[in-house]
Structure formats: C-alpha cells, structure tokens
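The values are calculated or read from the model by the stated rules, or taken from the named source; none is laboratory data. Fair warning: this is a prediction, and the values are worked out from it, not measured in the lab. So basically every Cβ, Gly included, is an ideal-geometry build from the backbone, and we count neighbours across all protein chains shown.
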Amino acid sequence: MYGYLERGLLVASLIALIWQARNLLAFNRALQSDDFDAFRIGDGLWPQIFSRFTFEQERAARRKREYRRLLKEVRRSIDALPDGAVVLDENNDIVVCNRAAKQLAGLKRKKDRGTRIDNLLRDPKLAGLLAADDYTQTIEIVSPVVDGKWLKCRAVPYGAGKTLLILRDITERKRLSKMRRDFVANASHELRSPLTVISGYLDSLAEDQSLPSDWAHPVKQMKGQAVRMNRIVEELLELSRLESSGAAGTDDVVDVAKLLASAREDAFREGKTARIDVFVESTAQLRGSVDEIESVIVNLLANAVRHTPVDGKIVATWRPDADGDGAELVVEDNGEGIDSMYHSRLTERFFRVDKGRARKDGGVGLGLAIVKHVLSRHEAELSLESALGEGSTFICRFPSSRVVIDPPIPLVGERSNA
Ligand code: ADP
C-alpha cells in the first residue's frame, strides 16, 4: 500500500482535476447558452458558485427591468411636456428629442439622431445662441413645419459638453402683443384728427381779442394740454412703428458727430440749459437710420437738460467701446441722478420717477422707451450708471457690425481734467 501511495495520490489528483475541469467547461457552456438547467451541479464549491451566480444574475435582470421602467417613465414624462426638448452633444448633433420637438419643429427622434440641429432649424440666430456662452439668452424663430408658429429657444448646458435646447410655442403671446400694438397704433391714429381740430380752435381762441379776459388762462392751459396730448400720440405712433419693423437697414451711414453738434445747438436754442460739451473720440460712423439715431441723441440730451441744474454740466461723447471694435454714444450729466431702485423700470412706457414734476417739465415718459427700441433695432444696448444726487450716465453700445470706419469722421474736442 505504501509502495503505491504516490501513484495513488497522483491518480486521485488527476481525477479531481478532470472533475473540476469538466464542471468548469459545463459552467462555461451554460454561460454561453444561457441554459443552466443543462448544467449539472457537482459537489463542493460548485453549488455555492452557481447559486451566487444565479442570484447575481437575477438581481442584474431585476435592475435592468427597473432601469427600463424608469427610462420609459422619464421618456413618457418628457413626451408629455408641452415644450420641445432636444438633447445635443458637443458638436450640436441631436442625441434625443421629445414629441413636442416633433410637433413644433418637425424633429424626428430616430431619423434625425446624429444630425446637426442647425442643419434642420436653419436660422442664423440659433447658431449664435448655441455658440454663445450666455445661457440666459433666448431667441425667437419661426417654426419650419407649422405656418405662422413662433418658437422661443433657450439652450441650457448640462453634463459633459451636452446642451438641452428648449423650444417654447409663443405664437399666442406674439398674437396678443400684435393685437395690443395694433390697438395702440389705431387708437393713436384715430386721436390725431380730433386733436388737430381741437388744437386749431384753441389757437384761434387764444388769438381772439374779443375773448373775455378770464378765459385767457384756461385757454392757455387747454392749449398746453393739447400740445402734450399731441406729443403723446406722436410718440406712441413712433413706438408702434419701431415695434412692428425689423432691424434697421444698414445702407445709410449716420454721422453721429454731426447729429451730436446739431442736438447741442437745438438744446441751447430751446431755453436755459447746463453747459453741454461734445467730444468725438471715434472716427467711426454708424450703419442705420439717421432719423432714429437722431431721436436717441435728442431724447438723451433733452433728459439730461431737464434733470441737470443750469450751473451743472452735460457731456456727450462718441467713442470706441472697451473692446475697440464697436462704438459707444455716452450722455453724462452731473444732475439729480436716479435711485438704483428705478433703473430697471426707466424704459417702461409712461414710467417717470416723479410723475408730477415730469408733467410740469413736459416729459411724457416715452422717451427712453423709444431710445431702447431704436437701439434694439440697431443691435445696440442701453446701460445706465446713476445714483441719486450723483448725476447719470447713459451708454448706448453699438456692435462692430453697425460701425463703419470708412469714410472716417473728424475728431472733435479734447478732454481736460477741468
Ligand atoms: P420723460 O419724457 O419723462 O423724460 P423718459 O422715458 O425719457 O421720459 O424718462 C423716464 C424717466 O427717467 C424720467 O421721467 C426721469 O424721471 C428719469 N430720467 C431720464 N433721464 C434722466 C436723467 N438724465 N437724470 C435724471 N433722471 C432721468
């Protein structure tokens, strides 16, 4: 027996090895065929391995089912959203989109996957929106599939380089604001003729020598109010015109320096005013509407005159912007200034900080609304630096696309520290 011990051990080990190898092969076969009924479990560790494996497999299957259910739930809720939602990768290729994106913009979940969004929604503003870093920005585009439908687009970044493009139907809002605009324009237009008649009669009455003397004051007041109403009507009509037209044309070139000089002269001619200095520090001219830019300059200068004491100082400057490729029109005064709590409301129609005083001054509260609209038609922005008692600085920033250097305009004035 002792003589056969080594051989016996060898044979026993070989048998054990073959048995393990057989089980291993059977397990591998079962793994490949996914048929574990055919896999006969041996003794030892194999039943444990097998039961652990089937347990993990069932757990994974349960998880998969749960994820699938969740995915379906998420997809269903995204499809239920009234807004279009489009997920874009870092190249702005479509990854996935919801049902509303199909209804609003004609995007198809399967067919359009992997296609660049700007190949399907061909609006240069959309490319600008996706390229911009400012994710608070929104644009309005026309739907490529539904006639007359307007979409508001917003791009929200998420994940690694991904963007969620949200498309909102704003057709109804557009329709309502057009109705409001039309109503204001029509009402103003209708008021024009009766106002002309009333003003005419009031003029005649004012000149009528036979009028009792106690009528003189009321007639004068009525005349003043008629003039004021006329101004309101004209400015409302001007606002309606600005609102309903697109961007200002770029064919005309505006000589800002010339307009500044003539607005300064007019301000002096109209009555008492603080000192007004004009500086032209940019040789650039503007592409846009001469009349509209003139109304910006006149409005800003008139406001500065109205809110600056006669011993104060007003400075109007035309200069290159901080980046050097655009230009800025700056109207600065050292007058009464504006409390910061009112800054955001100044361009609202009929907003005046001190209504009673503005009425006496002849302000109707539409000047800055007109300025804002003209600037937006020239892709320019209005900003304000002001504090109560510390004067005001209104800055109109024009982009390089609106600025033309050739032919250059001559520079005027040199700043002194005085
Ligand atoms: P208004 O016809 O009354 O001047 P605007 O729209 O031009 O209307 O201005 C709105 C209000 O903003 C004014 O009533 C005034 O209170 C304030 N404002 C505008 N410009 C200035 C300024 N340079 N200094 C102080 N307040 C100003």
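Okay, here's what the table says:
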{"item": "Scope region 265-291; condition modelled with pLDDT under 95, within 15 Å of the ligand (Cβ to nearest atom) and either closer than 21 Å to ARG352 by Cα or among the aliphatic types (A, V, I, L, M) (or both); matching residues", "result": "ALA267, THR273, ALA274"}
{"item": "Filter result for ILE198 (of a type in the set (Val, Ile, Thr), surrounded by 15 or more Cβ atoms within 10 Å (Cβ to Cβ), in a strand (DSSP E or B) and out of contact with any Cys (no Cβ under 6 Å at 6 or more places or on another chain))", "result": "no"}
{"item": "Test: residue in region 316-331 that is in contact with a strand residue (DSSP E or B) (Cβ under 9 Å, 6 or more places away or on another chain), aromatic (Phe, Trp, Tyr) and buried (at least 22 other Cβ atoms within 10 Å of the Cβ)", "result": "yes"}
{"item": "Residues satisfying the stated conditions in region 201-250, i.e. touching a residue at least 24 places away in the same chain (Cβ under 8 Å) and in a loop (DSSP other than H, G, I, E, B)", "result": "SER245, GLY246, ALA247, ALA248, GLY249, THR250"}
{"item": "Tally, over region 320-337, of residues that are part of a loop (DSSP other than H, G, I, E, B) and in contact with a helix residue (DSSP H, G or I) (Cβ under 6 Å, 6 or more places away or on another chain)", "result": "2"}
{"item": "Unique match (being among the aliphatic types (A, V, I, L, M), modelled with pLDDT under 95 and more than 30 Å from GLN225 (Cβ to Cβ)) among ALA132, ALA187", "result": "ALA132"}
{"item": "Members of region 338-388 that are touching a residue at least 24 places away in the same chain (Cβ under 8 Å), part of a loop (DSSP other than H, G, I, E, B), under 26 Å from the mean Cα position of the chain (by Cα) and within 9 Å of the ligand (Cβ to nearest atom)", "result": "ILE338, LEU346, THR347, ARG349, LEU366"}
{"item": "From the options ASP123, ASP118, ASP93, residue that is out of contact with any Pro (no Cβ under 7 Å at 6 or more places or on another chain), closer than 27 Å to SER244 by Cβ and surrounded by 15 or more Cβ atoms within 10 Å (Cβ to Cβ)", "result": "ASP123"}
{"item": "Test: residue in region 292-310 that is over 30 Å from ARG180 (Cα atoms), surrounded by fewer than 19 Cβ atoms within 10 Å (Cβ to Cβ), within 16 Å of the ligand (Cβ to nearest atom) and hydrophobic (A, V, I, L, M, F, W, C)", "result": "yes"}
{"item": "Pairs, first at positive phi and of a type outside the set (A, V, I, L, M) in region 285-305, second within 13 Å of the ligand (Cβ to nearest atom) and assigned to a helix (DSSP H, G or I), C-beta under 9 Å, six or more apart", "result": "GLY288/VAL374"}
{"item": "Subset of region 123-143 (residues that are in contact (Cβ under 8 Å) with a residue 24 or more places away in the chain and of a type in the set (Ser, Thr, Tyr))", "result": "SER143"}
{"item": "Pick from region 103-135, criterion basic (Lys, Arg) and under 24 Å from the mean Cα position of the chain (by Cα), ranking: farthest from ALA160 (Cα to Cα)", "result": "ARG122"}
{"item": "Condition met for PHE394 (within 9 Å of the ligand (Cβ to nearest atom), more than 21 Å from LEU236 (Cα to Cα), surrounded by 15 or more Cβ atoms within 10 Å (Cβ to Cβ) and aromatic (Phe, Trp, Tyr))", "result": "yes"}
{"item": "Region 252-268: number of residues that are under 15 Å from PRO410 (Cα atoms) and acidic (Asp, Glu)", "result": "1"}
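This table checks each residue for (1) over 30 Å from the mean Cα position of the chain (by Cα); (2) exposed (fewer than 14 other Cβ atoms within 10 Å of the Cβ); (3) closer than 21 Å to GLY246 by Cβ.
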position	(1), (2), (3)
SER143	no, no, yes
LEU151	no, no, yes
ARG154	no, no, no
GLU190	yes, yes, no
